[in-house]
Every structure is written in C-alpha cells, then in structure tokens.
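Novice: If you scroll down you'll find the structure; I have some questions about it.
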Amino acid sequence: MSSFTIFSIVIVAAVVLIFMNYSAWSPVKWIGWALGNVVIGSLLLFLVNLFGESFAFTIPLNPVTATIAGFLGIPGLVTLILIKQFIL
C-alpha cells in the first residue's frame, strides 16, 4: 500500500470516530439538560411554597409541575400560580 492510501484510511477513520463519539454523547447531554431543568423547577416550586405558606398558598410539587416550571422557567411558574389562584 502506498503512504497516501494509509494516510487516507487514517483520516477517514478519525472522522468517523469523531462523528460516532458526538452522536453517542448527544442523547446523554439532552437527558442531563432535561433533568437539570426539572431540578431547577423543583427548587423554584419549593421556594414559592415556602413563601406562600404564610398566605396559605401552595402549589403541589409533582413531576408535572416541576417539569412545567423547569422547562418554561419564570413564565411557567407564574402560569402555575395563576392557574392555582383562579381556576382551583
């Protein structure tokens, strides 16, 4: 084999390994990002419940409300407060 062929094979193999590495870790990054947002949402709900306890106002802390508060952030938390205040 010529040195050009060996060099080409090494380059192609390196590029394939880089793409394989990226595609293998991509779902793990998404899962970590999603779990981080749910944890942040839980903390936000905990703080709202801690403050609202003095006014007899609480929002249930469950996976649905934590996910809404985590993914939507402050607007999601405000929406949960409005839903609790006016609908329930």
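Novice: Would you please name the residue that is surrounded by the most Cβ atoms within 10 Å (Cβ to Cβ), looking only at residues in the stretch 31-78 that are of a type in the set (Ser, Thr, Tyr) and touching a Leu at 6+ places or on another chain (Cβ under 7 Å)?
Specialist: 65
Novice: So for the stretch 35-55 (the condition being part of a loop (DSSP other than H, G, I, E, B), modelled with pLDDT of 80 or more, of a type in the set (A, V, I, L, M) and on the phi < 0 side of the Ramachandran plot), does at least one residue qualify?
Specialist: Looking through the stretch 35-55, none of the residues is part of a loop (DSSP other than H, G, I, E, B), modelled with pLDDT of 80 or more, of a type in the set (A, V, I, L, M) and on the phi < 0 side of the Ramachandran plot.
Novice: Another question, then. So which residues in the stretch 49-72 are of a type in the set (Gly, Ala, Ser), farther than 12 Å from residue 38 by Cβ and in contact (Cβ under 8 Å) with a residue 12 or more places away in the chain?
Specialist: Answer for the stretch 49-72, where residues must be of a type in the set (Gly, Ala, Ser), farther than 12 Å from residue 38 by Cβ and in contact (Cβ under 8 Å) with a residue 12 or more places away in the chain: there is none.
The values are calculated or read from the model by the stated rules, or taken from the named source; none is laboratory data. Please read these numbers as outputs of a predicted model, since none were measured by experiment. Using ideal geometry, Cβ is built from the backbone for each residue, glycine included, and neighbour counts are taken over all protein chains shown.
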